[in-house]
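As structure tokens, the structure follows; a few thoughts come after it.
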Amino acid sequence: MQEACSSYLIAGVDEAGRGPLAGPVIAAAVILDPAHPIAGLADSKKLTEKRREKLFIEIRQHALAWSVARATVAEIDEINILQASLLAMQRAVSQLKIAPHKVLVDGNHCPLFPCAAEAIIKGDQTEPAISAASIVAKVLRDRLMQMLDKRYPQYGFSGHKGYPTAAHVAALQEHGVSRVHRLTFGPVRDIKKAP
């Protein structure tokens, strides 16, 4: 159940994992607490892994609310990566324990929300709440890919996180396609699915 709050609340929303050939797309929503600003928030891709992990802990401790959601590989293949990303964002916002008054989304597409919303290109570089969401989504998706690496060690997910590196494509060609690969993505599409 969502709690009421008297101040004007802005949720930042971002996703991680649009480009990889494997794994779900993860979206995060974060409502920062103006009384507890977090120094150093930035686009997660421009931060070291160590710095992201440190900020992730601070975000969890000090944000008024945060949530994370995913769209599965099957959903990505069924409705395409853009629509799956928007779906994951909707799910993340709907799971916040506090309802925001406005949602700021990184990028140029905005899903439908039950409140005002705005898409901001490069918002993860200019809006702290979006930066925070970017960090949460990236940290949790990277952790998920490290878990998948234990289940499917032949693909090297811990290293490339599912992105289409030369090593990943070579592993696909050698071992075939796993259950966590996106069948509609170019390098995967024409490789026969492994048993």
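Observations on the structure shown:
Per-residue answers, yes or no, for (1) over 26 Å from HIS160 (Cβ atoms); (2) in contact with a Gly (Cβ under 9 Å, 6 or more places away or on another chain); (3) surrounded by fewer than 24 Cβ atoms within 10 Å (Cβ to Cβ):
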residue	(1), (2), (3)
ALA29	yes, yes, no
LYS46	no, no, yes
GLU49	no, no, yes
GLU78	no, no, yes
ALA84	no, no, no
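- Wholly within the range 96-195, helices (runs of 4 or more DSSP H) carrying at least 2 residues that are over 25 Å from LEU55 (Cα atoms): 128-151, 166-175, 186-189
- Scoring PHE185 on the criteria (1) in contact (Cβ under 8 Å) with a residue 24 or more places away in the chain; (2) in contact with a helix residue (DSSP H, G or I) (Cβ under 9 Å, 6 or more places away or on another chain); (3) within 26 Å of ILE59 (Cβ to Cβ) leaves a single failure, condition (3).
- Yes/no for GLU15 being modelled with pLDDT of 95 or more and under 15 Å from LEU144 (Cβ atoms): yes
- Candidate set: the range 94-135, residues that are of a type in the set (D, E, K, R) and closer than 19 Å to ARG60 by Cα; chosen: the one surrounded by the fewest Cβ atoms within 10 Å (Cβ to Cβ): LYS97
- Some residue of the range 136-151 being without any contact (Cβ under 8 Å) to a residue 24 or more places away in the chain, surrounded by fewer than 17 Cβ atoms within 10 Å (Cβ to Cβ) and either touching a helix residue (DSSP H, G or I) at 6+ places or on another chain (Cβ under 7 Å) or at positive phi (or both): yes
- None of ARG91, ARG70 is touching a residue at least 40 places away in the same chain (Cβ under 8 Å), basic (Lys, Arg) and surrounded by 18 or more Cβ atoms within 10 Å (Cβ to Cβ) except ARG70.
The values are calculated or read from the model by the stated rules, or taken from the named source; none is laboratory data. On a predicted model such as this, the values are computed, not experimentally measured, just so you know. Ideal geometry is used to build each Cβ from the backbone, glycine not excepted, and the neighbour counts take in all protein chains shown.
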